[in-house]
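Structure, as structure tokens:
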Amino acid sequence: MFDELSDKLGNVFAKLRGRGVLTDADIKEGLREVRRVLLEADVNFTLTREFLERVEQKAVGVLQIKTIQPAQQLVKIVHDELTAMLGERREGLKISTVPPTIVMMVGLQGSGKTTTAAKLARKLLAEGKVTRLVAADVYRPAAIDQLETLGAQLNVPVYADRTTKDVVKIAKAGIDEGMRARDRVVIIDTAGRLQIDADLMDELKRLKAAIKPDEILLVADGMTGQEAVKIAQGFDEALNVTGVILTKLDGDARGGAALSIYGVLKKPIKYIGVGEKVDALEEFHPERMAGRILQMGDIVSLVEKAQESFDAVEAKKLEKKVRKEGMDLEDFLSAMRQMQKLGPFENLLKLLPGVNSKMLKDVKMDPKRLKHVEAIVLSMTPQERKKPEILNGSRRARIAKGCGRPVSEVNKLLEQFREMQKMMKKMGGGAGGKGGGGMPRLPFGGGGGGMFGMR
């Protein structure tokens, strides 16, 4: 997410930190570089100029601060101003005191609106809010089928009526059904167009007037930069949208849309889409996003992701057993399955402070290789998983044959598993990892020679 922008800004501040003592000229030169980077990222020109003016004003006093490194203080100023540019604080979904809360999803075709509606329903359901989807896109072929399929996958009810093209009638009937079922939230998936036109806006205006939604969320393609901002302006002028969901930010998005949309519209980004899977929708936190862009990490989001994904009871049992008896391959398999739920490993690493895209070039996780590791472990007997030390040559050959992988992969897994055992012992013994010579390669991780890095 915003890798190019993040790396370029990181290079600018690395140069400044390398100079130690900064002059006014150094700061001005650094800010000129920041300006160039932001414009290359397709950030709105006016917003970029205003942003740099504020940073420069606040940076005047940086040189007088003796207790803090000037470059670090400048990074802090840029972080705070980026946060303000992104919206200052998290603004969640407005939940009506009288259910159901009505959410109207709008956007152009191709922005991922229908999928995002389903993702939002899943997220709300996970929060304990019973949610219903309403298929009011009656023009796009298979739009209703798509929403019904997604609803079935997520166990979310979908209201649809294929006998009429009257979207107001459909939406009202869906809301009525939600009221009868005592749903907490009803999400209306509206029709999109390839571009903004009068017919589209007239229909959406009529629908808004009829159903009086609590939220009108614009779904915009984050990869289109300033085009997304122009589209957002068009929808806002017609409908007065209450918030934005930016999609496809896991792709090659430069950051222009995310950094411009709040400044231009003064409407909050409420969620971001970070993948195709139904769980790939994140709450948008301006401060955390600013930290990610400046390679300061986002530990809070990492912890939240872990809390959402992990089976707490299972994790506690595993921790207790490992502390008491040490880790065996059964435990490893369990931990690996828990880790899988968190998503791609390289995406998790991006949430750690100081990690950039260059560092992650060799850290690629191939899901197929993860399956290979699982197959190797499952080809062992329960005794072999409990006591990997008994795995002699003939046993390893049998395991390799059983899972269809070369003996070398079995050997590599066992070698790296022993490294992990040693690390766990150190951590359990209160050593805190000191003097250990760095973290060993994960048996299921990438990075030059791990199971996922094997050729």
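The single condition among (1) part of a helix (DSSP H, G or I); (2) at pLDDT 95 or above; (3) touching a helix residue (DSSP H, G or I) at 6+ places or on another chain (Cβ under 9 Å) that residue 213 does not satisfy is (1). Inside the stretch 91-128, residues that are under 21 Å from residue 240 (Cβ atoms), within 18 Å of the chain's Cα centre (by Cα) and not in a helix (DSSP H, G or I) make up a count of 4. If you go through the stretch 40-60 one residue at a time, how many are surrounded by fewer than 20 Cβ atoms within 10 Å (Cβ to Cβ) and over 16 Å from residue 81 (Cα atoms)? Residues in the stretch 40-60 being surrounded by fewer than 20 Cβ atoms within 10 Å (Cβ to Cβ) and over 16 Å from residue 81 (Cα atoms): 1 in total. Whenever a residue of the stretch 33-51 is closer than 9 Å to residue 256 by Cα and acidic (Asp, Glu), its partners that are modelled with pLDDT under 90 and not in a helix (DSSP H, G or I), lying with C-beta atoms within less than 7 angstrom and at least six residues away or across chains, give the pairs 42/225; 42/254. In the stretch 399-425, the residue that is surrounded by the most Cβ atoms within 10 Å (Cβ to Cβ) out of those that are among the basic types (Lys, Arg) and assigned to a helix (DSSP H, G or I) is 412. The residue that is surrounded by the fewest Cβ atoms within 10 Å (Cβ to Cβ), counting only those in the stretch 239-291 that are more than 25 Å from residue 124 (Cα to Cα) and of a type outside the set (Gly, Ala, Ser), is 252. Taking the condition of being closer than 16 Å to residue 213 by Cα, at pLDDT 95 or above and buried (at least 22 other Cβ atoms within 10 Å of the Cβ), how many residues in the stretch 89-119 meet it? Selection size over the stretch 89-119: 7. Tell me yes or no: at least one residue of the stretch 383-398 is outside any loop (DSSP other than H, G, I, E, B), assigned by TED's automatic domain parsing to the domain that holds residue 330, at pLDDT below 55 and under 18 Å from residue 331 (Cα atoms). Checked the stretch 383-398: no residue is outside any loop (DSSP other than H, G, I, E, B), assigned by TED's automatic domain parsing to the domain that holds residue 330, at pLDDT below 55 and under 18 Å from residue 331 (Cα atoms).
The values are calculated or read from the model by the stated rules, or taken from the named source; none is laboratory data. Please read all numbers here as calculations on a predicted model, not as lab measurements. Glycine also receives a Cβ, built like all others from the backbone with ideal geometry; neighbour counts cover every protein chain displayed.
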